[in-house]
Amino acid sequence: MSDDTAAEAASAQESGTGAGAGGGEPELLVESRGGVLSVTFNRPARLNAMTWAMYDGLAEACERADADDGIRVLLLTGAGDAAFVAGTDIGQFAGFTDGADGVAYEQRMGAVVERLAAVQVPTIAAVRGYCVGGGLVIAAVCDLRVAAPSARFGVPIARTLGNCLAMPTHALLVDHLGPARALDMLLSARLLTAEEAHTAGFVTRIAAEEDLDTEAAQLAATLTEHAPLSMWAAKESVRRLRRANLPEDRDIIERAYGSEDFRNAVAAFAEKRPPTWRGK
């Protein structure tokens, strides 16, 4: 996979048709086996780009994980070989008219992400291919990440849409990557390789492409044998530390999502042409 793929991941959402893998399959596959609740993002033709229904389904899976004492681990994967999740489906931004729509979107997405962070059992993201935008946020809020060499991590919005991230997401990325590396990724809009993410400590371990699913399953099986309350105490403490004293960000989100740049970029995406930036 080429390193110059920041915009490619977004434009590839337009390729292919159908909500799921084809034949009317669900966009989200949820299966419980051996104490592990597996959630598969299932829109491979659109690089598993997230719809509102998929975000809602992820939140429901979190509720299921907490409600069932037999579930000890939540494992997230993407269908196909090309992506974990290539962000939120950009077509869903077409109806945004002002900054308030952006605030509502970030709050809605933030609620799902925080629900995933608050799941009482350990969470694992198994990543191959694109893990960008909302996909990066989902993976980042998981407790552990296993990646194949093809994995690419980033938030290329400075090249694609001209919107912004919410404050909790910035805190999450700075916590994982440090401020310098997080800003490098956000300002340059480049995608980190699996090796870079591993060196930064973001990726727990790298597995060969053909071994990724096995590696993730073995890690999940190991965690099912550990003390549930000890693991919960560790992850909940880290979550509270990260969220302590977060500053307000409504003005930032309103300015970015309410801009001409954002509206023009969404239109440019639909028309399959490069966006033009004016800083307004």
Going by how many other beta carbons lie within 10 Å of each one, how would you line up D98, D213, fewest first? D98, D213
Ascending count of other beta-carbon atoms within 10 Å, so fewest first, for T222, T193: T222, T193
Computed ³J(HN,Hα) along the stretch 82-94: with the Karplus parameters 6.51/-1.76/1.60, θ = phi - 60°, integer Hz and x for glycine or proline, the list is 9, 7, 7, 8, 9, x, 7, 4, 5, x, 6, 8, 4
Residue by residue through the stretch 95-103, the couplings from Karplus 6.51 cos²θ - 1.76 cosθ + 1.60 with θ = phi - 60°, in Hz, x for Gly and Pro, are x, 5, 10, 7, x, 4, 5, x, 4
Quick one: of the DSSP bridges fully inside the chain, what percent are antiparallel, nearest 5? 25
What residues qualify as long-range amide H neighbours of S150, i.e. H under 5 Å apart, gap of 5 or more or another chain, H built at 1.01 Å from N? G129
Just to be sure I understand: with springs between alpha-carbon atoms less than 10 Å apart, which residue in G78, G87, G57 has the highest mean-square fluctuation in the Gaussian network model of the chain? G57
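Return a whole-number percent for the relative contact order of the chain, with Cα pairs under 8 Å and 6 or more residues apart as the contact set. Please report the intermediate quantities before stating the final value.
Values: 545 pairs, mean separation 56.8, N = 280.
Value for the chain: 20 percent.
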Considering the chain as a Gaussian network with a 10 Å cut-off on Cα pairs, which listed residue, V127, V113, V85, attains the greatest mean-square fluctuation? V113
Gaussian network model of the chain, springs between alpha carbon atoms under 10 Å - residue of A117, A53, A182 with greatest fluctuation: A53
Convex hull volume per residue for the stretch 42-122, taking Cα atoms only, in Å³: 92
Most exposed first by the Cβ proxy, i.e. fewest other Cβ within 10 Å, how do Y257, Y130 rank? Y257, Y130
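No lab work stands behind these numbers, since they all come straight from the coordinates. Worth saying up front: this structure is predicted, and the values here are computed from it rather than measured. Ideal geometry is used to build each Cβ from the backbone, glycine not excepted, and the neighbour counts take in all protein chains shown.
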